[in-house]
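Data first, discussion second: the structure below is written as structure tokens.
The values are calculated or read from the model by the stated rules, or taken from the named source; none is laboratory data. Worth saying up front: this structure is predicted, and the values here are computed from it rather than measured. Note: areas computed on protein heavy atoms with side chains; ligands, DNA, RNA excluded. Shrake-Rupley method; radii C 1.70, N 1.55, O 1.52, S 1.80 Å.
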Amino acid sequence: MFSRLLTPKWVLLHLLVAALFVATFFLGYWQLSKAEAGGGAVNWSYAMQWPLYGFMGLWFYVRMVRLELHRDPDEEQPGNAVVLYQRPRIDTTGDPELAAYNAYLAELNERALGQRSSSNGR
């Protein structure tokens with residue numbers, strides 16, 4: 001179950017989130033030192049906001065990890081999605097060239113569906 005979180009993509013994401021979380025506290029400390037050295041209200045507000053940004057990002061990341069752990073692993077596999085299909089209507093009125101083209105497209109569609117259903121039966 002946790003092996004999904006140990007793929008190279010997730011490990012890099014873990015490291016990036018950890019680095020950014022720590023960076024927000026360094027930025028908050030930097031703003032705090034600027035505020036104590038005579039900075040204005042903006043520096044004081046940033047000194048409070050940077051750690052909040054860090055916790056907010058961590059909250060979103062924990063939520064993303066929980067969603068990944070509860071996700072069905074076969075969800076992204078092809079062929080598992082429900083496909084709503086409606087047969088195309090062939091326009092036979094009007095232009096005979098257009099009707100021939102529509103019939104050709106319908107034939108291609110039937111072939112594609114035939115190949116798809118035969119490959120799903122394996």
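Here are the numbers:
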{"read-out": "Cα convex hull of segment 20-65 - mean projected area over all directions, nm²", "value": "2.8"}
{"read-out": "Accessible area (Å², per residue) of segment 1-46, counting only protein heavy atoms and a probe of 1.4 Å", "value": "73"}
